Amino acid sequence: MRWLYAIALGLWAVAPVLAAGHFYDLGTDKSALRPGFVAVTPKSLYSEATGFGWQSTEGLQAKVRAYRALIENKSRGTKEPPPIWTNEVTEDVIFSDRPADFLVKLPRGKYRAYILCGSSDRFRYQFFDFTASWGQGQPQTRVQIAEGYHFEHRSFDFEADGTAPVRLHLEPQSKWLLNAVLIWPEAEDGRVRREVLAPLEQETFVMPAEEWKKWKFEPHVDETPMPKLSAEDKQRGYLIHHRHYLECVYPNTVPLGRTLNPEVRAFATPGEYEPLTFTVYPLGDLKRATVQVSDLKSSGATIPATAIDIRRVRYMLARPNYRVQHSYRRVPDVLEHFDQLDLKAKENQRFWLTVHVPENAAPGMYRGTATFGAEGAPAAAVPLVLRVLPIRLQRDPGKIFGIYYRHPLDGWARAPDEVSKAYWLRKAELEHQDMVAHGTRNVVLSAWCSTKNEQGRFEGNWDLLGKKIELGRKHNFQPPIVVSINTGGVYRKYMKASYGSHLRAVKDPPPEFSQELTEMVRYVESVRRERGWPEFLYYPIDEPSTAPAAVNFMVKVLKAVRAAGVKTYVTADPTHEQFEPMRPFIDVWCCQPFNPDRETILADMKARGVQYWCYPNHVAGENDHTPVAGARMTYGFGFWRSGFLTLIPWIYQANIGDPWNYLDGSAMDFFNRSAPDGTPIPVALWEAYREGYDDYRYVYTLEQLCEQAEQKGGRAKQAASKAREALKFVWDSINVQTKYKYDDLWGAEEFDVYRWVIAEQILKLQRAL
């Protein structure tokens with residue numbers, strides 16, 4: 001079928017483009033064929049007659065999954081966009097776990113080649129890892145893709161001698177996969193890129209043209225006039241300016257005169273991470289831009305350049321909210337490593353440097369430079385000044401900084417090969433290291449087990465859960481552990497249906513439901529005790545609605561869980577009066593904002609022994625990717641002021657469709673990204689979490705020193721009194737909100753001023769003690 005279509009197209013549809021190159025669409029013999037391309041299937045063996053094909057078809061497989069229309073979400077009762085939109089090239093793929101060679105007969109000459117690799121099929125838990133090269137002795141390029149819904153491309157230059165066919169060699173570590181091969185003469189490069197590659201990449205990495213027409217761009221507006229430029233700035237060809245990292249710099253943010261040619265300053269303590277940023281505004285296009293940093297030196301002491309992480313802030317096309325469709329902005333978000341960059345004229349590029357102060361760093365004023373350079377343009381040195389304070393920040397053991405988490409060890413347990421297993425294991429380890437480096441030491445886990453079988457037993461993968469808990473212990477994670485349970489499975493067993501998202505379709509189950517749920521929880525708890533695991537908080541339902549049927553069901557569920565002698569955890573807003581019947585059966589309220597107020601929750605915790613936790617999704621990227629100042633306030637001074645015990649946002653990484661395309665899928669991807677090998681890539685919000693966490697550590701350290709000084713008496717007690725006044729000054733300066741996001745916050749620099757007020761008192765108390 002694809003062959004007939006190819007012949008027909010070859011006669012009339014895209015004859016000019018066909019003449020320019022050799023374009024192959026790989027897949028099945030029944031899937032759609034892209035106009036101007038030739039079909040290749042797992043059976044396409046090379047022959048002189050066809051002039052293309054596989055050297056061997058042994059072990060080749062193909063999959064097809066097309067997404068060209070809305071799909072039904074039964075849980076929500078809606079029709080939604082598919083995880084990704086596909087085109088004729090991306091809807092199908094050929095893959096294998098064996099080496100393979102794709103051959104093409106070409107006239108003598110110089111050529112460019114382009115391969116597209118990925119899958120519209122989920123390929124759950126598979127990690128593709130392979131190299132691709134054209135001909136013997138040619139450079140290899142590595143391709144790594146975790147699961148499906150994501151595509152990578154690679155480009156090559158090579159020469160054909162006109163006698164033997166050229167050869168694309170694919171060498172798998174685990175498996176390779178291939179959607180398309182495009183080859184064209186070097187002389188046709190411009191035309192092929194415009195007429196073939198540009199539309200293909202738009203459809204693959206954004207969405208098809210017919211869908212893209214529905215989306216409206218909401219530009220950031222900045223009508224500030226440009227500052228007067230010096231002769232040096234004009235001659236250099238770019239401006240360097242600085243705004244505090246809590247202020248978002250958009251592509252069109254206008255530099256301010258007072259921010260030009262800055263000296264970037266900060267202070268920190270041994271072991272602390274501290275961001276330093278600057279922005280380049282090119283007056284014309286810049287090619288091969290680089291940033292290098294020197295050591296930071298202070299009277300014989302050195303913070304090596306290797307302790308400074310250099311990243312660029314990548315702009316992403318993002319929705320203004322989680323499930324919004326057909327509206328997007330271009331926002332600063334991902335912090336990426338880079339070697340060289342091409343910069344567009346009059347479009348900002350911010351660089352984000354993170355200094356990790358060595359644990360043994362001597363106090364002092366450290367100075368160094370960040371040097372920006374580009375091809376054909378004079379280099380510019382940005383002075384860096386970091387004051388290291390003689391303070392050891394303390395961590396409050398009574399507060400938990402946690403996060404929801406899709407655990408990579410689930411992939412490790414189910415991966416189809418050893419290379420994939422190693423990928424998931426490494427990803428889990430690196431993400432745990434990253435969490436600890438950002439102050440996070442708790443994740444939500446799953447204690448899923450089956451419903452009771454015919455032998456009256458529940459079954460779960462407790463070794464896997466144990467491995468997750470041990471990984472947390474290795475990194476000094478802090479209990480208790482919130483665990484979800486299979487409430488939905490028990491409900492389906494007795495009701496033969498799902499209760500739907502937020503209990504949208506719930507009906508009253510029979511008494512046997514509650515009895516089995518109690519037995520299940522009692523069984524999970526017995527496993528926990530037997531294995532010596534930390535305390536569990538049982539999380540039966542996520543975000544129940546306030547509908548009467550939902551609340552009635554929740555009361556039954558919470559009673560059933562409590563009957564097993566354990567504590568319950570509920571994600572709901574206790575200020576909603578509809579939830580009042582649930583209140584006696586809830587041990588931990590996890591609220592999305594800081595609501596109720598401090599006095600209310602402290603009184604309730606004292607009177608009934610309940611706990612109040614917060615999942616601040618408004619600063620996690622779910623709603624918006626830009627409330628950086630709100631994230632720092634939430635995690636630091638706002639958390640201190642709130643009285644809540646724990647911050648545990650949704651989620652360390654949310655991938656809906658293509659993890660690098662925030663516009664596909666039913667909802668937006670958000671928060672931390674991953675490099676192809678699984679290494680975490682942070683976003684600006686994640687870095688703001690850490691800065692807020694450090695704010696809180698400054699506060700807690702001062703509070704602890706005040707207690708010590710008050711016990712010592714004398715001059716130390718007098719110093720503690722002054723420190724308490726400073727703490728009250730900061731406390732009273734906070735404009736208390738349920739959600740700290742944009743409005744009514746301190747100015748960006750004020751955050752550091754208030755931190756310094758506290759740091760100064762720490763230094764005075766240390767001297768007094």
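The values are calculated or read from the model by the stated rules, or taken from the named source; none is laboratory data. Bear in mind the structure is a predicted one, so any value in this text is a computation, not a measurement. Note: ideal-geometry Cβ built from the backbone for every residue, glycine included; neighbour counts use all protein chains shown. Each accessible area value is taken on the protein alone, full model and side chains, heavy atoms only, with ligands, DNA and RNA left out. Shrake-Rupley method; radii C 1.70, N 1.55, O 1.52, S 1.80 Å.
Given a Förster distance of 22 angstrom, what is the FRET efficiency for Glu454 paired with Glu530, based on the Cβ-Cβ distance and rounded to 0.05? Plugging the Cβ-Cβ distance into 1/(1 + (r/R0)^6) gives 0.40.
Per-residue 3J(HN,Hα) values for segment 337-347, derived from phi via the Karplus relation 6.51 cos²θ - 1.76 cosθ + 1.60 with θ = phi - 60°, read 5, 7, 9, 9, 9, 9, 10, 7, 4, 6, 10 Hz in sequence order (x marks Gly and Pro).
With point charges of +1 on the Cβ of Lys and Arg and -1 on the Cβ of Asp and Glu, referenced to the Cα centre of the chain, which listed residue (Ser733, Ala187, Ile656) lies farthest in the positive direction of the dipole? Towards the positive end, the residue furthest out is Ser733. Convex hull volume of the Cα atoms of segment 618-769, normalised per residue: 125 Å³. One chain, two ends: Asn552 and Glu210. Fully extended at 0.36 nm per residue, the span grows by 118.6 nm beyond their Cα-Cα distance.
In the chain, the calculated helix contribution to ellipticity at 222 nm averages -9000 deg cm²/dmol per residue, counting -39,500 (n - 2.57) for every DSSP H run with n ≥ 4.
Within a straight-line Cα-Cα reach of under 30 Å, Lys216 can be paired with the following lysines, leaving aside sequence neighbours fewer than 8 residues apart in one chain: Lys74, Lys79, Lys344, Lys346, Lys739, Lys741. Loop-located GluC sites (Glu not before Pro) in segment 499-601 (DSSP state not H, G, I, E or B) with no more than 15 neighbouring Cβ atoms inside 10 Å: Glu535. Using the Cα coordinates of segment 262-406, the gyration tensor eigenvalues translate into equivalent-ellipsoid semi-axes of 30, 26, 11 Å, sorted from longest to shortest.
Which whole-number value in Å² is the accessible area per residue of segment 648-763, probe 1.4 Å?
Normalised by residue count, the accessible surface of segment 648-763 is 36 Å².
As a ratio to 2.2 N^0.38 Å, the alpha-carbon radius of gyration computed for the chain takes the value 1.06. Accessible area of Glu72 (1.4 Å probe, protein heavy atoms only, ligands and nucleic acids ignored): about 120 Å². Directionally averaged projected area (segment 531-690, Cα convex hull): 11.9 nm².
Annotation: amide H-H contacts under 5 Å for Glu272 (H modelled 1.01 Å from N, sequence separation of 5 or more, or interchain): Val357.
Principal axis analysis of the Cα atoms in segment 427-544 yields extents of 47, 32, 22 Å, listed in decreasing size. Taking every DSSP beta bridge that has both ends in the chain, the antiparallel portion is near 75%. Applying both filters, DSSP loop and at most 12 other Cβ atoms within 10 Å, to the trypsin sites (Lys or Arg not before Pro) of segment 213-281 gives Lys213, Lys214, Lys228. Residues within the reach of a label modelled at Arg426 (point 7 angstrom out along Cα to beta-carbon, backbone nitrogen below 13 Å), restricted to segment 114-131, are 127-130.
If you average 1/r over every pair of different alpha-carbon atoms in segment 697-769 and take one over that average, what Kirkwood value in Å do you get? Result for segment 697-769 stands at 13.0 Å.
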